[in-house]
Amino acid sequence: MHNPDKPGSVSRRGFLKSMAGATALSAAALTTDAQARINAPHDLETLKDYEEHWGFCDMCYWRCGLKVRSRDGKAFKIDGNPEHPLNRGVVCGKGNAGIQVAFAPNRLKQPQERVGARGDNNWRPIPWDEALDKVAHELNKVKEKYGPQALVMIGHGTWEKPYHRLSHAFGTPNTTSPVFGLCCGPRGVSNTVITGRNLTGNETIDLENCKYFLMMGRNVTESLHNGETLGWIDGVANGAKVVYADPRYTVTASKADEWLAIRPLTDHAFLLALIHTVIKGELYDKQFVAEYVDGLDELTARVEKYTPEWQEEITTIPAETVRRIALEMAQKAPAVFVYSPRRLTRSANDLGTGMSITILNTLFGVWDRKGGIFTPQTIKVPEIDLPEFPHAHVARSETGGDFDFAQNPFATDEEGKVQRADGAGVQGRWPLANPQYGLTNEMWRAMAEQDPYPLKALLTAGGNGFTNSTDYDTVRKALMNMDFYVAADVMPNEMNSYADILLPEASYLERYDDLQIGGAREGFIALREPAMQPLHGTKGSWDICKELSKRMGLEAYFPHETVADMLDDRLKKAGYSLAELKEKGIIKKPADPAINFPRENGGKSVFPTPSGKVELIPSQLKALGMEDAIEWEEQPRPQEGQFHFTFGRVGYHTHARTQDNIWLNYFMPENVLWIHPEAAEKLGIANGDTVDVQDTKGRGGKIKAKVTPRIRPDTVFTVHGFGHWDKRMTTAVGKGLSDSLLASDTREKHIGSISMGTSMVTLSKA
């Protein structure tokens with residue numbers, strides 16, 4: 001399908017040219033402005049000297065390298081670190097707005113104790129010593145009464161590591177991060193069980209040299225991870241064809257050669273038909289499959305029924321389109337890539353969708369080939385020496401961090417009695433779920449139901465359970481069930497309004513954090529150092545946890561006097577030093593084609609599966625009786641008068657974290673509901689009208705309509721992260737509608753991750 005908004009639209013080539021011309025236009029504008037002020041009635045000012053400090057961004061999870069300028073002891077400008085491989089010196093609007101995290105008028109400024117009912121936001125300020133004493137006392141009281149496993153820790157961000165360490169030292173296995181169960185889990189598992197290689201986070205895709213992108217809703221120009229977006233733009237400029245499949249015509253779709261307006265929840269059917277076509281037409285990389293792949297015969301039998309004609313009724317994509325795309329990709333292989341959505345927590349069988357993407361990429365032989373998937377460089381930086389943790393759930397590896405469950409994947413103690421409460425990695429529950437990050441959605445259920453054992457204390461570090469989960473009632477019940485809840489955060493939000501003690505954290509511009517250790521074509525270690533002293537007497541997460549460890553008898557797990565000392569200790573174990581890292585903010589291992597692309601350079605690919613090969617029907621799934629995950633499962637469809645409810649990202653905001661940022665709120669203060677003109681006309685809804693949205697559970701609210709042909713008639717869409725009700729968020733409160741209130745909360749049946757995309761809604765003019 002072509003652009004339905006063609007008048008006034010910018011072509012993708014024009015878009016690429018505009019990127020190159022932006023600097024010249026800006027310079028011309030500045031020159032004109034300067035000329036207008038030549039006769040200003042004052043002397044020209046000489047700018048004061050400033051300092052530069054190194055960092056990496058916390059405004060989204062791509063974590064671009066930064067240079068932060070400060071003057072008179074305060075940060076005032078954020079630039080990119082040109083040496084950092086994840087952004088090449090580029091900082092987006094969100095990254096620039098990070099200044100307003102430190103200087104936000106609404107940030108948490110001092111420790112506070114709740115004096116009213118949970119969620120009512122009645123607080124009294126207390127000194128740090130009193131706050132930390134109370135936290136230590138209450139956590140130890142819960143431990144004495146119920147055991148250490150009664151503590152749950154939920155973290156979300158680059159600052160969460162010390163809270164994991166403190167919690168494991170306390171003795172609980174119940175630490176989680178939403179990254180797995182609420183976002184990337186299914187695609188990580190898919191790649192791991194098939195190839196033994198996880199492809200998630202900062203994916204190792206040779207974007208610049210790819211010649212064909214099949215993008216399954218991967219909206220790279222609006223999700224806006226700088227390095228990924230730059231690489232993709234380079235690939236398009238170098239001639240790559242882009243086929244974009246999404247129910248909505250996004251900015252990325254407008255830069256594509258072709259938009260496939262696929263029905264929501266049917267990506268798996270489309271991908272299965274592609275697999276069928278590739279195998280049936282012998283369009284796969286025969287040499288790669290013969291040398292590296294097991295299970296082709298079994299897969300062939302399984303996908304025999306998934307013809308292009310079969311998928312057409314399900315997806316609404318013509319059968320001939322499927323055949324053409326399969327042939328086009330085969331002709332460009334191995335410089336092709338089937339691009340997974342970043343968040344693959346949508347349907348009842350996300351594992352099947354993720355596996356299909358991995359299988360297609362494998363059949364085209366993209367692993368370790370130019371234009372496909374490269375093997376990253378890494379720099380090993382050992383962890384500091386610590387005592388063993390006092391429970392059997394964690395086995396610390398040399399470089400795996402403080403919560404590496406790799407040596408004990410099923411997370412049971414020696415007697416098999418105490419298991420993770422969320423069931424992540426537990427036999428008989430969710431053995432495929434990664435217990436390093438856990439299933440945050442299942443942990444909320446366990447806390448709400450107090451099952452399989454009492455969970456009575458909660459420690460959160462960042463995040464907002466109300467806006468990143470999709471079941472307000474369960475989250476609220478879980479919070480009310482706690483004997484004690486302590487929240488550490490920089491900003492107020494709905495979840496931390498339920499805390500008993502609030503601990504105000506220093507922002508990422510005001511603190512050291514642990515090292516950023518990454519793998520791209522270049523391996524790298526990056527530094528985050530304070531560009532200014534913490535405002536308002538706030539404290540960094542490492543300092544908070546060190547102080548708590550002293551009060552809880554756990555100080556051996558935080559042995560360094562300062563965070564800088566800890567960083568220096570780690571770096572020296574790797575043969576470097578903090579002084580060396582401070583020179584450029586980053587230490588790099590050069591790209592090496594023989595390592596990045598071994599099969600282009602006479603080497604071999606390595607697939608660390610049980611068989612040592614890519615397993616199209618994974619042996620791990622067979623052992624668990626889940627080999628049918630590849631099979632199509634019917635998904636919900638809207639009945640008469642209903643719509644698929646979808647949501648997604650925008651370049652101005654990250655999740656629900658930035659709506660109260662005064663700079664970013666200026667660009668998008670509230671969300672709207674996209675609805676197709678045909679559907680709007682039937683309901684008497686005009687552009688800008690306020691509409692009432694209700695799901696099948698009776699949940700809902702009001703939002704303004706955006707009537708546009710850029711979406712399917714059976715689907716509505718809104719931007720994620722709005723609809724805040726915490727009055728402390730004075731910029732964001734009461735604006736827009738929360739998608740988390742309307743998204744579904746069912747489980748993916750193989751992994752246990754949340755399925756957010758199966759919700760159906762009705763609309764009426766308010």
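The values are calculated or read from the model by the stated rules, or taken from the named source; none is laboratory data. Note that this is a predicted model, so its numbers are computed, not measured. Cβ placement follows ideal geometry from the backbone for every residue including glycine, while neighbour counts extend to all protein chains displayed. Accessible surface areas use protein heavy atoms only, side chains included; no ligands, DNA or RNA. Shrake-Rupley method; radii C 1.70, N 1.55, O 1.52, S 1.80 Å.
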- The residue that is nearest to PHE484 (Cα to Cα), considering only those in the range 436-452 that are open to solvent by 10 Å² or more (accessible area, probe 1.4 Å) and in a loop (DSSP other than H, G, I, E, B), is GLN450
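To keep it simple, each residue is scored yes or no on (1) modelled with pLDDT of 95 or more; (2) open to solvent by less than 20 Å² (accessible area, probe 1.4 Å); (3) not small (Gly, Ala, Ser).
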residue: TYR485; (1), (2), (3): yes, yes, yes
residue: MET491; (1), (2), (3): yes, no, yes
residue: ASN496; (1), (2), (3): yes, yes, yes
residue: LEU509; (1), (2), (3): yes, yes, yes
residue: TYR512; (1), (2), (3): yes, no, yes
residue: GLY518; (1), (2), (3): no, yes, no
residue: PHE524; (1), (2), (3): yes, yes, yes
residue: PRO534; (1), (2), (3): yes, no, yes
residue: GLY540; (1), (2), (3): yes, yes, no
- Item | Selected residue (only one of THR266, THR345 is open to solvent by less than 30 Å² (accessible area, probe 1.4 Å) and either over 33 Å from the mean Cα position of the chain (by Cα) or farther than 19 Å from ASN191 by Cα (or both)) | THR266
- Task: Name the residue, out of VAL68, VAL101, VAL90, that is of a type in the set (A, V, I, L, M), within 27 Å of ASN665 (Cβ to Cβ) and either modelled with pLDDT under 75 or part of a loop (DSSP other than H, G, I, E, B) (or both).
- Result: VAL90
- The one condition ALA487 fails out of (1) in a loop (DSSP other than H, G, I, E, B); (2) farther than 27 Å from LEU66 by Cα is (1)
- So which residues in the range 739-755 are touching a Ser or Thr at 6+ places or on another chain (Cβ under 8 Å), open to solvent by less than 10 Å² (accessible area, probe 1.4 Å) and in a loop (DSSP other than H, G, I, E, B)? LEU742, ALA743, GLU748, SER753
- Within the range 498-507, track down each residue that is in a loop (DSSP other than H, G, I, E, B) and either touching a Leu at 6+ places or on another chain (Cβ under 6 Å) or surrounded by 24 or more Cβ atoms within 10 Å (Cβ to Cβ) (or both). ALA499, ALA506, SER507
- Message: Residues that are within 19 Å of LYS161 (Cα to Cα), modelled with pLDDT under 95 and of a type in the set (D, E, K, R): does the range 418-439 have at least one?
- Response: yes
- Item | Subset of the range 711-741 [among the charged types (D, E, K, R), in contact with an Asp or Glu (Cβ under 6 Å, 6 or more places away or on another chain) and under 24 Å from THR250 (Cβ atoms)] | LYS735
- Item | Selection count, the range 579-615, where residues are outside any helix (DSSP H, G or I) and in contact with a strand residue (DSSP E or B) (Cβ under 6 Å, 6 or more places away or on another chain) | 12
- The condition from (1) β-branched (Val, Ile, Thr); (2) in a loop (DSSP other than H, G, I, E, B); (3) within 28 Å of THR266 (Cβ to Cβ) that VAL733 misses is numbered (3)
- Query: Based on what the data block shows, is GLU600 open to solvent by 20 Å² or more (accessible area, probe 1.4 Å), among the acidic types (Asp, Glu) and farther than 27 Å from ASN209 by Cα?
  - Reply: no
- Note on the structure: TRP367 passes all but one of the listed conditions (1) open to solvent by less than 30 Å² (accessible area, probe 1.4 Å); (2) free of Cβ contacts under 8 Å to residues at least 24 places away in the same chain; (3) not aliphatic (A, V, I, L, M); the exception is number (2)
- Message: Out of ALA335, ALA290, ALA301, I need the residue that is of a type in the set (A, V, I, L, M), open to solvent by 10 Å² or more (accessible area, probe 1.4 Å) and in contact (Cβ under 8 Å) with a residue 12 or more places away in the chain. Which one?
- Response: ALA335
